[in-house]
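The values are calculated or read from the model by the stated rules, or taken from the named source; none is laboratory data. In this text the structure is predicted, and so the values were computed from the model without any measurement. Methodologically, a virtual Cβ is constructed for each residue, glycine included, from the backbone with ideal geometry; neighbour enumeration extends over all protein chains shown.
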Amino acid sequence: MDTYDADGITLERVEEYIWEIPQEGEMNTPARVLASEELLDQIADDKTLQQLKNSTQLPGVQQHAICMPDGHQGYGFPVGGVAGIDAEEGCISPGAVGFDINCGVRMMTTNLSYDDVQGHEEELVESLFANVPSGLGGGGVVESDVETVEEILDRGVEWALDEGHAVEDDLAHCEDEGRRPDADPAVVSQKAKDRGKNQIGSLGSGNHFLEVQRVTDVFREGVADSYGLSADQIVVLIHCGSRGLGHQVCTEYTREVEQAHPELLDQLPDKELAAAPAGSQLAEEYYGAMCAAINYAWVNRQLIMDRTRQVFERVFDRSWEEMEMNLLYDVAHNIAKKEDHEIDGEERELYVHRKGATRAFPAGHEEVPRAYRDVGQPVIIPGSMGAGSYVLRGGESSMETTFGSTAHGAGRTMSRTQAKDEFWGEDVQDELRGQKVYVKAQSGATVAEEAPGVYKDVDEVVRVSDELGIGDTVARTFPVCNIKG
DNA sequence: ATGTGC
């Protein structure tokens, strides 16, 4: 049998890019890794595979816990991990959702071409940096109070629509139409709401960014047409999450779950996987709070997009409608969601945990927006500043292979600390300028931490997704201007 | 990721 020996864990090859950790001991199911050998080499020596194996001990996990091609180690559960867990007899785990609840990306298209933007890069990057709040701490597009935060938590992008920060079309092109109805602002703490008050419409730090990009390649013409994408076109990518509010929700519920359900914790090999049993009060409360943080993150990205439209209006002296700055789609990268999936020929409701993974529903699925239903859900995969990003569409085999999911990014190869030893921010910036990429950041350290060299090969991640038929490549983009914390 | 951790 074809096997791969990692540090203490042996994987068995099931198919070309599917590897299995067989069920043994306390595992409730086997685990699977979707990767090429080249990608496996990158996670063979760290905790990724052990964390994935551990997660199969969560009660109610179905079929197998799965690691996407870009997976790497995270808090308790891999970033790039997907677990479908029975919503009646299983559990929900904050650590398997992630700290940055609804960290995600949206892409906005334009009718500008790269020619229209060349010569304006400096002005554009300066103006975006001056007008889109970024960095650690407070300061957002809007300042607000706890009552407004509660409305945002409850209503998501519908709030932004009423306030004039969105148009109807923006809602139609967002996962869940920009609102999780299961949100319950009453179970989000005062402290979380306070942290959220002055961060509405802000990028944050780390790997979060706003990037003006040009489309360099189109791989599936028909799908690209449906998405409104074509070669040389200018698009805008916004990558950020729920800031301090989501972080606070995760922190508080992780602790509460540990304390309230020690019997479940005792069954698990890692405290970081702490979970609330399905049906318990805490499971309901965490789900309500997480959905509220999801709504907050969608409003966050919406307000940043709104501000970006205004910046383009000033720089190019035209209305955003004239420039056809329309939202292509917005996808969540860190969430759990109640979804019905077919398990052994039977429909079951699952908490699908996607941590550093993207929903990738295929053509025909009723939750794909009408405009894209014939071709499949758009999937947006940000890459590094030196490699560019991809647009995919949900593939035909995603439902049976990955609970309707695919990868979410390139995945880091080294820690932030290590990155700062290897790279110097200004050098990275100069090198990128040589590739006509204009970068402006609050701190040089962030540029070093996000240097192209700290990321895996996004081409390989996307190739494996395409080969598996879980997410098919549609188009590729390359950065023009990038702003970050 | 995060007013950067027990």
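The figures follow:
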quantity: Some residue of the stretch A:293-311 being within 16 Å of DNA strand B (Cβ to nearest atom), closer than 19 Å to A:SER93 by Cα, in a helix (DSSP H, G or I) and at pLDDT 95 or above; calculated: yes
quantity: Strands (runs of 3 or more DSSP E) contained in the stretch A:340-428 and holding at least 2 residues surrounded by fewer than 21 Cβ atoms within 10 Å (Cβ to Cβ); calculated: A:346-355
quantity: Any hit, the stretch A:248-261, residues being touching a residue at least 60 places away in the same chain (Cβ under 8 Å), assigned to a helix (DSSP H, G or I) and under 18 Å from the mean Cα position of the chain (by Cα); calculated: yes
quantity: Members of the stretch A:128-141 found to be surrounded by 18 or more Cβ atoms within 10 Å (Cβ to Cβ) and more than 13 Å from DNA strand B (Cβ to nearest atom), listed by number; calculated: A:LEU128, A:PHE129, A:VAL132, A:VAL141
quantity: For A:HIS261: the one exception among (1) in contact with a helix residue (DSSP H, G or I) (Cβ under 6 Å, 6 or more places away or on another chain); (2) surrounded by 18 or more Cβ atoms within 10 Å (Cβ to Cβ); (3) more than 29 Å from A:PRO378 (Cα to Cα); calculated: (1)
quantity: The stretch A:451-471 residues that are at pLDDT 95 or above and assigned to a helix (DSSP H, G or I), paired with ones that are surrounded by 19 or more Cβ atoms within 10 Å (Cβ to Cβ) and among the charged types (D, E, K, R) (beta carbon under 6 Å, 6 or more apart); calculated: A:VAL461/A:ASP70; A:ASP466/A:ASP472
quantity: Any hit, the stretch A:429-447, residues being at positive phi and surrounded by fewer than 24 Cβ atoms within 10 Å (Cβ to Cβ); calculated: yes
quantity: Which numbered condition A:GLY485 fails, given (1) under 20 Å from A:ASP217 (Cβ atoms); (2) within 14 Å of DNA strand B (Cβ to nearest atom); (3) surrounded by fewer than 23 Cβ atoms within 10 Å (Cβ to Cβ); calculated: (1)
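Okay, residues lined up against (1) over 28 Å from A:THR446 (Cβ atoms); (2) away from DNA strand B (no atom under 16 Å from the Cβ):
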| position | (1), (2) |
| --- | --- |
| A:ALA166 | yes, yes |
| A:ALA172 | yes, yes |
| A:ASP176 | yes, yes |
| A:PRO181 | yes, yes |
| A:ALA186 | yes, yes |
| A:GLY196 | no, no |
| A:ARG214 | no, yes |
| A:SER226 | yes, yes |
| A:SER242 | no, no |
